[in-house]
Amino acid sequence: MANRTLPLTLPIALLCSGCTGWQSVLDPHAIQASRLEQLIWLFVAVCGVVWVTVTVVLVMALLRRKTPYSHTDTRMTRIVRAAVIATVVIITGLAIVSFYATRGLSSSDATALEIRVRGYQWWWEVTYLDARADQVFITANEIHVPVGRTVSLQLAAADVIHSFWVPNLTGKQDLIPGRDNTLSFTPREIGVYRGQCAEFCGLQHAHMALLVVVESAGAFEHWRQGQLAPAATPRGGEQETGKHLFESKACASCHNIQGGTASGTVGPDLTHVASRRYIASGLLETNRGSIAAWVADPQTLKPGNNMPRVALDASELNALSAYLAALQ
Amino acid sequence: MMRGVGTLVLSLFLVEGCARESRNFRLDPPIAASLDAVAPMPNRIGGAAPETDTVLGQPYLTNAYNLNQGKQLYTWFNCQGCHADGGGATGPAFLSGWWRYGPQAVSVFISIRDGRPEGMPAFGNRLTTEQIWQLTGYVRTIGAYSAQTAAPSRNDAMQSRPSENRAPATVATPSDEWPTAPSR
Amino acid sequence: MSDSRQPGVSDAQLERPELESHLAATWRTPGGLWGVLSTVDHKIIGRRYIVTAFVFLALGGVLALLMRLQLAGSERRVLSADWYNQVFTMHGANMMFLFAVPVMEAMAIYLVPLMVGTRNIAFPRLNAFSYWLYLAGGIMLWTAFALNMAPDVGWFAYVPLSGPQFGAGKRADIWAQMITFTEIAALAVAIEIVVTVLKQRAPGMTLQRIPLFVWSMLVTAFLVILAMPTIMIASTCLILDRLVGTHFFNPSEGGDVLLWQHLFWFFGHPEVYIIFLPAVGMVSSLVATFAGRPVFGYLAMVLALISTGVLAFGLWVHHMFVVGLPRVGESFFTISSMSIAIPAGVQIFCWLATLWDGRLRFRVPLLFVIAFIITFVMGGLTGVMVASVPLDTQVHDTYFVVAHFHYVLIGGAVFPLIGAIYYWFPKMSGRLMSERIGRWVVGLLFVGFNLTFFPMHVLGLLGMPRRIYTYSPEMHWDALNLFSSVSATILAAGFLLFFIDVIRSLRRGPQAPENPWGASTLEWATTSPPPGYNFPRVPVVGSAQPLWDEPESLAVACGLRVDRRELLITSVVSAQPQAREASPRNSIWPFFAALASTLMLIASIFTPWAMVWGSVPVLITLIGWFWPKGDPEDEG
């Protein structure tokens, strides 16, 4: 089971990580992102030099003392020709570097961890694939991977085009209905990395974030076993009431909680919702209060999203949020 | 004269457009609760719609966003399991344009919320009132006699019927489903 | 109008004052509403087009300010998600379809006939028709915005989001039909430009003597003719999918979601060159005049224009680098996208060479050229960056790309355009704009633009995606966004000052002589503003800089009739006179045809039957338009 104090320590960790590049292209933590970051700096350097050169020549042209215009331009022709050749050389060089970087990005690793990510308006369904059917499990909006092992994502879309992008780890790839795309990355450092949908997908495109948690192999296996297990049994009367409410009200039509009777497939799987750091696809940090707030009024927090407001009174809301907050 | 005609046409579009295109994602809770307050006839065929629905201008029948959401809900909650894409399977067809419990929106709403004998489950506990109204509005476009501008268009799925905004999809034909007495 | 079987009165027979009064009567546009609706004078229509396009620019600018206001801080509630989506879609669609392309074509409509020395543009009634259709499309789009019906799917409207299942209501249909309006108008103007440039040039204006602006408009017109049909097909397929239930973009029935992207970007990439190449032509005109010498390397410049145009059709996949196409295929487009920097580089080097050796006069248009070079080169270089497939996988659909395209569009097209307005305003209106205010405009625009958009490069690299209506405070994007939003007010102030200067100068600007800048091209050989007939007699040119090489008096050709509208048709390559062509008189039919087409196209958003019934009034108006006039068309 995940660390129960994580919701408390996470904000502090987040504050610190914000300085070093939360969701930043320039803060790579995987092999692919590192290569891309180096490529970016190379391009910035080369293009910067070119721009400075052009600007300096322009300023010199504007400020210099003029000789009377003569109709012969042979020397100028040679200079311009040389500049054009230099341009061709630079562009050829950049294209070659770019081509090699492209080759370095793709990898076909047979030992890769296979995960299917399916994009919905406006959340991410994550299915951990395995040759053995009983090792397959579904979660949402948060991906855990062991450090150092290549991850191969199969990207699918349920409705419109989305784009999977975790800049600290690798470049993005679109999720396109009717198309099977793949993306792979090899994380190098333990940490928590944020990603966001990068293709406009409708009303709440701005709030379609996800988290990739890179952890040690042992921690990953511990997490995986936790996800495979059915939902935690409710402890105490309030949680029992909450479970009963979940299964008898509209919640069960859309959401699945393994080990109970709720088996909806329209919305995210909630079997281990409290083990995730955020709810509503990166909108709110997971704790009982935010779960209650979300359930009470989802349309104010994320207007236009597909979760309806289920009418609940105060005690029902308390019971429900107690139950859900315990689903580690 | 041309200008006058143009202005008239434009203003017609204006009025219709406002109702069709507005997006209202969150009904105030009291209004949402009051949408449940339909007053059905004793035989549960037809009845009075909630006052708030009428006051709001029947948004679930005329608003494109609501009808579109209804269409999504139709797929998500597997109405196709019994009704197919309107052609009917174990449940009655909508495409024929004939309504077993009458064409009124309130009847359809009651069918979805409370269920009907002979197999229609009650979804009152399974869906919110707003969702049931969205489904109601959508289901009525399946069997509509005339094309409605606000009606949704085809699914990004396999073709099983013409789009709802190409109504009439089929013409109502007498069938042996016509009951001679109200079914109970 | 005399019977043209009789010899008629030719301009060879008359002296100058009598000649001018005859011509003025033949080529006049009457006053009042009838004159406004029926004119076919390219200068009136061109001015109208320019003013309308700038109105759309101002409206789009207000939308931009709204967006910046919303994004100035995290989780602001200035615009709801739905309104923000409509606003950014409107901003993009308005700027690209209602401002950028039309304004460039409008400058061409006004200037090209004058620069090539002819009396009117080819197909003048089609010209009038195109303006009314463009205006109707713009009014339709903005009315829809006022009615909460604006498209909300982005200016490139990817399916399935804009498709029948996920695009509720008529919003995406409004977008698709607006495309139809503006693209028909653009195609019409492109055809006119091609014919004018190839067949109506002044005698002696061989292909090597055409001004560079005219060359750029010729290449642009061919781009329009080859690229615009693609977007019309795409938007038609979209409307058919949504209205009628076809399956062009439905993968379940054999369609393809990516088909939309290919079709759109096959148009979309040449579109940006349709916007950029006219600006390049304007820069050439400005540089030549204010450096006091012809642009260095005429042949290189022309070849650069043509090769840019050709290459522009081979780049489109660079908008699709992350959709999962084979990486080797994508690498081809990396090479082609980077290689288009080469002709652009050629042009920059030629301008620098011109400036190096010229005698510079630092008037406002030249200041805009300087701002253009600095800004556009930066935009072009970030373009080389995003042309690289792996680099693009990180920055695609982020604010880095937003920064890039604003650098090339504003730096590369808007700065030259404003400079061109300062330059040609005296010719169009007869009054000079203010040098003093103009310098303030350059400064505010240049500083405001760079302060607003440079931070967006950084924001993109810090992970900020495009098209988000808000962002979380934990992302730490607040500071840069606030800086950008505040700087946007400086940019807005620059535009506001520009509009103020235009209005002020129209009322109280100093009178402009025929050639206030001492320029070399033919439009400066007539009064400011030119009379309805442009030139009293058709000029004959012997070089590429006619007013510099023959400063005293320009040679002219005689023989056109003055009692009916005639202009001279010349051969394509060497501009030998071939025939005298009758030019259409004022006609109300283009306006009626545009009205009928507008009704048909708007109604077809709601029902497919509109195409059937709506084509009847269109047919009637076309019959009126083409009804034979009874006089012979051409006389050798």
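Tabulated data
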| quantity | calculated |
| --- | --- |
| Residue order for C:ARG508, A:ARG288 - accessible surface, 1.4 angstrom probe, largest first | C:ARG508, A:ARG288 |
| Sparse-neighbourhood loop sites, GluC sites (Glu not before Pro) in region C:1-80 - DSSP loop, at most 13 other Cβ within 10 angstrom | C:GLU15, C:GLU75 |
| Per-residue SASA entry for A:ASP313, accessible area with 1.4 Å probe, Å² rounded to 10 | 80 Å² |
| Residues along region C:222-245 losing 10 Å² or more of accessible surface when the other protein chains are present rather than the chain by itself (probe 1.4 Å) | C:ARG242, C:LEU243, C:VAL244, C:GLY245 |
| Accessible area of A:CYS254 in the full protein assembly, 1.4 Å probe (Å², nearest 10) | 20 Å² |
| Cα centre as origin, Lys/Arg/Asp/Glu Cβ charges: the protein assembly as shown dipole, Debye | 2200 debye |
| For residues of A:294-306, the mean tally of beta carbons on other chains within 10 Å | 3 |
| Area of A:ASP297 that stays accessible when all protein chains are in place (1.4 Å probe, Å², to 10) | 30 Å² |
| Chain C, helix-only ellipticity at 222 nm - DSSP H runs n ≥ 4, -39,500 (n - 2.57), divided by all residues, nearest 500 | -21000 deg cm²/dmol |
| Heavy-atom accessible area order for A:SER106, C:SER574, largest first, 1.4 Å probe | A:SER106, C:SER574 |
| Computed over region A:113-228: relative contact order in percent, which uses C-alpha pairs under 8 Å that are six or more apart | 28 percent |
| Loop trypsin sites (Lys or Arg not before Pro), region C:18-121, which have at most 16 other Cβ atoms in a 10 Å radius of their Cβ (DSSP) | C:ARG28, C:ARG76, C:ARG77 |
| Prolate/oblate/rounded label for the protein assembly as shown (Cα gyration tensor, a/c 1.5) | oblate |
| Buried on assembly, region C:167-181 (at least 20 Å² less accessible surface than by itself, 1.4 Å probe) | C:ALA168, C:GLY169, C:LYS170, C:ARG171 |
| Solvent-accessible area buried by C and A, counting both chains, probe 1.4 angstrom, square angstrom | 6600 Å² |
| Share antiparallel - DSSP beta bridges, region A:113-228, percent rounded to 5 | 65 percent |
| Shape category assigned to region A:236-325 from the gyration tensor of Cα positions, a/c cut at 1.5 | rounded |
| With Cα atoms, 0 to 90° folded angle of helix A:6-20 axis to chain A main axis | 0 degrees |
| With every protein chain in place, chain A: carbon and sulfur % of accessible area (1.4 Å) | 61 percent |
| 0 to 90° range, to nearest 10: angle between helix C:124-146 axis and chain C longest Cα axis | 30 degrees |
| Cβ-based net charge around C:TRP524, under 14 Å, with every Lys or Arg adding one and every Asp or Glu removing one | -3 |
| Taking region A:236-325 and dividing mean pair separation by its residue count, relative contact order in percent (alpha carbons under 8 Å, at least six apart) | 33 percent |
| Largest to smallest accessible area among C:VAL51, C:VAL540, C:VAL414 [probe 1.4 Å] | C:VAL51, C:VAL540, C:VAL414 |
| Solvent-accessible area per residue for region A:236-325 (1.4 angstrom probe, square angstrom) | 35 Å² |
| Solvent-accessible area, 1.4 Å probe, carbon plus sulfur percent, for region C:326-477 | 75 percent |
| Average Cα contact separation per residue, chain C, under 8 Å, 6 or more apart, as relative contact order % | 22 percent |
| Accessible surface of region C:10-133 [probe 1.4 Å, protein heavy atoms]: carbon and sulfur percent | 65 percent |
| Filtered chymotrypsin sites (Phe, Trp or Tyr not before Pro), region C:322-370: DSSP coil and at most 16 other beta carbons within 10 Å | C:PHE362 |
| Within region A:113-228: Cβ-based charge dipole about Cα centre, in debye rounded to nearest 20 (Lys, Arg +1; Asp, Glu -1) | 140 debye |
| Positive-end extreme of charge dipole, the protein assembly as shown - chosen from A:GLN225, C:LEU554, B:PRO59 (charges on Cβ) | C:LEU554 |
| Whole-number accessible area per residue in Å² for region A:113-228, which is evaluated in the context of all protein chains at 1.4 Å | 28 Å² |
| Cβ-based net charge around C:ALA575, under 12 Å, with every Lys or Arg adding one and every Asp or Glu removing one | +3 |
| Among A:LEU203, A:VAL54, C:ALA341 the positive-end extreme of the charge dipole of the protein assembly as shown (Cβ point charges) | A:VAL54 |
| 0 to 90° range, to nearest 10: angle between helix C:435-461 axis and chain C longest Cα axis | 30 degrees |
| Environment charge at C:ARG361 (Cβ cut-off 13 Å; Lys +1, Arg +1, Asp -1, Glu -1) | +3 |
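The values are calculated or read from the model by the stated rules, or taken from the named source; none is laboratory data. Please read all numbers here as calculations on a predicted model, not as lab measurements. Every residue, glycine as well, gets a Cβ built from its backbone with ideal geometry; the counts of neighbours run over all protein chains shown. These accessible areas exclude ligands, DNA and RNA; they are computed on the full protein's heavy atoms, side chains included. Shrake-Rupley method; radii C 1.70, N 1.55, O 1.52, S 1.80 Å.
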